[in-house]
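Here's the structure we're looking at; comments come further down.
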Amino acid sequence: LPWDVPLGGLATLLAAWGTYATRKWTIKGLPVIALVLPALTNAVLIGWELKVFIGGGFWINALYVAIGELAVLFTLGIILYYAIKRRHLLEK
């Protein structure tokens, strides 16, 4: 889709900014808010894009995007977070 590059880029930029801004806010040592923000950002922007260009309801599209994002973020994201933390890269 022609709008996929700018909207996807905007969603990624907003998600990265939100993750960076909330990286130190932790719940029991885990940056939960930083992990949830990309899912919410992509759910809204990509869910809207799917509704407009492909069809379907906004909420169902946003829900599917959010579920996919959360699944990846709470598996691979947590593994990556602990690998970075273990190497003390957060302090650098």
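Coordinate-derived values only; no laboratory data. Keep in mind that this is a model prediction, so the values were computed, not measured. Every residue, glycine among them, receives a Cβ derived from its backbone with ideal geometry; neighbour counts consider all protein chains shown.
Remark on Leu30: its backbone amide H falls under 5 Å from none of the residues 5 or more positions apart or on other chains, H modelled at 1.01 Å from N. Please identify every one of the trypsin sites (Lys or Arg not before Pro) in segment 60-91 that sits in a loop by DSSP and has no more than 16 other beta carbons within 10 Å of its own beta carbon. Passing both the DSSP loop test and the Cβ count: Arg87.
Sequence-distant contacts, meaning Cα pairs under 8 Å at least 6 residues apart, place the relative contact order of the chain at 23 percent.
To the nearest 20 Debye, how big is the dipole of the chain about its Cα centre, given +1 on the beta carbon of each Lys and Arg and -1 on that of each Asp and Glu?
Working: 8 positive and 4 negative charges, 115 e Å.
Roughly 560 debye, rounded to the nearest 20.
Note on Leu10 and His88: with the Förster distance fixed at 25 Å, the Cβ-Cβ geometry gives a FRET efficiency of about 0.15. Relative to the longest principal axis of the Cα atoms of the chain, the long axis of helix 58-72 makes an angle of roughly 30 degrees.
With everything on Cα atoms, drop me the angle between helix 32-53 and the longest principal axis of the chain, reported from 0 to 90° to the nearest 10. Between the helix axis and the principal axis of the chain, the angle is about 10 degrees.
Tally Lys and Arg at +1 and Asp and Glu at -1 over the other residues with C-beta under 14 Å from the C-beta of Gly57: what net charge comes out?
Details: positive: Lys51; negative: Glu49.
In short, 0.
Filter the GluC sites (Glu not before Pro) in segment 46-92 down to the DSSP loop ones having no more than 16 other Cβ atoms within 10 Å, then list what survives. For GluC sites (Glu not before Pro) across segment 46-92 that sit outside H, G, I, E and B with at most 16 neighbouring Cβ atoms in 10 Å, the list reads Glu91. Each Lys or Arg adds one and each Asp or Glu takes one away; over the other residues whose Cβ falls under 13 Å from the Cβ of Leu10, this sums to -2.
Just so you know, the Rg over Rh for segment 3-92 is 1.05, from Cα atoms, with Rh as the Kirkwood radius.
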